[in-house]
Amino acid sequence: MKFLDRFFESSSRHVANTTGRRQFIARFGSFLAVGVAAPALLPIDRTGKALAAGAPSAGDPGDPTSCDYWRYCSVDGFLCSCCGGSVTTCPPGTESSQVTWVGTCRNPADGIDYIISYNDCCGKHSCAQCACTRNDSEEPMYRPFNNNDINWCLATNSNVYNCTVAVIRGVAS
Ligand code: ABN
């Protein structure tokens, strides 16, 4: 604490001696503002929040265990909601891929197009339940993030593909 006292005293004196009072207050003010604002600018992993994204406010019609469910408009794989997980959560013992492909699906409840990411859940074994392949807005393999025929279990502990979740990432403009 003494060190801090001495540091602030000497730096305050230095600034006060070499500048005018108004300049000193202005500089001290910007120093405080940076200290308060900086933590807000630090990078934050928002994956958890995105994975927890809930239903659109107008409603989320349909059955997430059915391939007809609106969020699956560009899915290719096994539906995690049939594999012990849900439409947004991986089954216990599996891990969500952080790299993924995205599609745009229209929610029939509000007519809005949403960006959906299809994260593969990785580990254990292939779920092999509720196989679902729909290709709305899918693009060829040379645009991999818009292609659904890829095993995205790449940067995960296991490369074994288990099933796929469909997470709303935002509204398509
Ligand atoms: N992303 C689903 C998937 C996994 C393995 C093979 C093809 C597609």
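Structure summary
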{"read-out": "Rg over Rh [alpha-carbon atoms, Kirkwood Rh] for region 76-171", "value": "0.96"}
{"read-out": "Carbon plus sulfur fraction of accessible area for region 76-171, probe 1.4 Å, in percent", "value": "54"}
{"read-out": "Computed magnitude of the charge dipole of region 76-171 (debye, nearest 20; Cβ of K, R +1, Cβ of D, E -1)", "value": "160"}
{"read-out": "Rough spin-label spacing in nm, given labels placed 7 Å along Cα→Cβ, for Ser137 and Thr104", "value": "0.6"}
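The values are calculated or read from the model by the stated rules, or taken from the named source; none is laboratory data. In this text, all values refer to a predicted model and were calculated from it rather than measured experimentally. FYI the Cβ positions are ideal-geometry reconstructions off the backbone, even for glycines, and counts take in every protein chain you see. These area figures cover heavy atoms from the full protein model, side chains too; ligands, DNA and RNA do not enter into them. Shrake-Rupley method; radii C 1.70, N 1.55, O 1.52, S 1.80 Å.
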